[in-house]
Amino acid sequence: MVELSTTLLNELLRSLVYDMMMEANVDKERESMNIGSRIRYIRQEQKRTQEEIAKSCGFTKSLLSKIENGQSNPPVSTLIKIAASLGVRVSDLLEEQSAQTTVYNSVKQYEDQEKWVETNKGYSFFAFAGERRDKLIQPYLITAKKGNVKQHGFTHEGEEFIYMIKGEMNYQVGATQYTMLPGDSIYFNSLEKHLLIPITDEVTYLAIFTQKTDDKK
């Protein structure tokens, strides 16, 4: 049996401790990332360029650069396109996933404004169960204020369910516009162009998205 010298053993221990510290630092960095940083991290891990991702999503490299640098918070529909291009789920872009089973969200979590993402389209959203891995659906709580929402139609892969909670709004899917009050709901193919138009000063609704992905994990 070969005996390790004290010097060699110490070197091995130092190397092991160093590797553990480096891995812990990487985990901390990923935990502190915002949406743009996560997109850039995943893209660079896949050794793909901004031009490639932007082209597959149907928008400019300049927009993707602004998103990655935190200069623009994209709407959910844009996140879905980016996630699909990267072969991940939207939840992978929102925060570090750690849970594999049940995820509980207390009311205190979505009352915390720091947990909300304010988009460049004039509405904000809270992502439920953001830390849940490999979700088949992604539920959001969305708020929008009259006069702030940019009248821009959205299209993306998947299907969508909307449940009205507070206020009144018109929600257009394709050529049809629906007036929605608390308790009303709508289910549609997300490839149809859709947009929201608040009628009251502020509206709140639950939105649940499905997403098609080609898993590359």
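Rule-based calculations on the coordinates, nothing more; no lab input. Quick caveat, the model's predicted, so the values are computed rather than measured. For neighbour counting, all protein chains shown are included, and Cβ atoms are generated from backbone atoms with ideal geometry for every residue, glycine included.
For the reader, a short list of remarks on this structure follows.
- The length gained by stretching the chain between N120 and A175 to full extension, at 0.36 nm per residue less their Cα-Cα distance, is 17.4 nm.
- Exposure proxy ranking, count of Cβ atoms within 10 Å, fewest first, for D134, D201: D201, D134
- F161 versus I199: modelled label distance in nm, points set 7 Å from Cα along the beta carbon direction: 2.4
- The slack between F188 and K108, meaning 0.36 nm per residue of separation minus the straight C-alpha distance, is 25.7 nm.
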